[in-house]
1. Using helices alone, what [θ] at 222 nm do you get for the chain, with -39,500 (n - 2.57) per DSSP H run of 4 or more residues, divided over all residues and rounded to the nearest 500?
2. Using only C-alpha positions, report the orientation-averaged shadow area of the convex hull of segment 117-225, nm², one decimal.
3. Leaving out ligands, DNA and RNA, and with a 1.4 Å probe, what % of the accessible surface on the chain is carbon or sulfur?
4. Within the set of other residues whose C-beta is less than 9 Å from the C-beta of V180, count the net charge using Lys and Arg as +1 and Asp and Glu as -1.
5. How charged is the neighbourhood of P110? Take every other residue with its Cβ under 14 Å from the Cβ of P110, and add Lys/Arg as +1 and Asp/Glu as -1.
6. Output the peptides 212-218, 37-43 sorted from most to least packed, where packing is the average of other Cβ atoms within 10 Å over each peptide's residues.
7. Once both labels are modelled 7 Å past Cα along the beta-carbon direction, what's the E214-L154 spacing in nm?
8. Tell me the accessible surface of W52 in square angstrom (1.4 angstrom probe, heavy atoms of protein chains only), to the nearest ten.
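The values are calculated or read from the model by the stated rules, or taken from the named source; none is laboratory data. As the structure is a computational prediction, the values presented were derived from the model and not from experiment. Note that we place each Cβ from the backbone using ideal geometry, even for glycine, and neighbour counts take in every protein chain shown. For the accessible areas, the whole protein counts, side chains as well, though only heavy atoms, and no ligand, DNA or RNA atoms are used. Shrake-Rupley method; radii C 1.70, N 1.55, O 1.52, S 1.80 Å.
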Amino acid sequence: MIGRAFAIVCYLLALVGAGAFACFVLLLGDDVLPPRPFLIPWPWALVLNLAWLLLFALQHSGMAREVAKRSWLVPAHLARSVYAALSGLLLVALVLVWQPLPGPPLWSGPGWLVVVPFGAGIGLALINARHDHAELFGLRQAWAEDRPAPPERLVVIGPYRHLRHPLMACLLAFLWAQPVMSPTLALLAGGLTAYVLLGTVLEERDLLRRFHPEYAAYRRRVPALVPWRLPFSRGLPDD
């Protein structure tokens, strides 16, 4: 019961972090910066922002690697919960300490353009709904405890017929399609874009190891982030 209660708390922390981050980006996209607990001058503001981006990338991608998982001092059935909670806490911290940067906006468009990032956000929610939500955030593992997980298999359905990384594509659209792109938001979007590009390379390396040769055939046929090819309808083509 303690482990399951811990997993629920971790799940709530992950949701709070994701929600806080989404609201923060939308506010920045409307050229609104919420009050900061402290402000530091340029160029230290840039250094602090870059440090938080690096810390988030190391945690979010580094902890997802199999080598890192084997070195944790956490029960295997709670590892995913801890990962989700730390990600949420880092997002909350980033939202609180992210520093404003000087300079004019890269672009400033009409307010109605916010429908584009809202659409990308809905896309993120819908794609997540196609996954096992309880497993994604560690709840299913906490309930299963030490029971062996079912065998993994490569399943290609829905948006994954068009893109290998539809979640990341929606995230990039959410970040870059904001009506106002201030330097403060541009650094956040640019840093996370660099993380996404590197993270997809690391993730695909893991997927190739787990699902080769099926994933190799899938990768040859389906684009990563931009849907420039027709989707396949059944199976994995040999190209």
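1. Using -39500 (n - 2.57) per qualifying helix, the result is -19000 deg cm²/dmol.
2. Average projection, Cα convex hull of segment 117-225: 8.2 nm².
3. Roughly 70 percent, rounded to a whole number.
4. With Lys, Arg at +1 and Asp, Glu at -1, the neighbours total -2.
5. -2
6. The peptides rank, most packed first, as 212-218, 37-43.
7. It works out to 0.8 nm between the two label points.
8. Its heavy atoms expose roughly 50 Å² to the probe.
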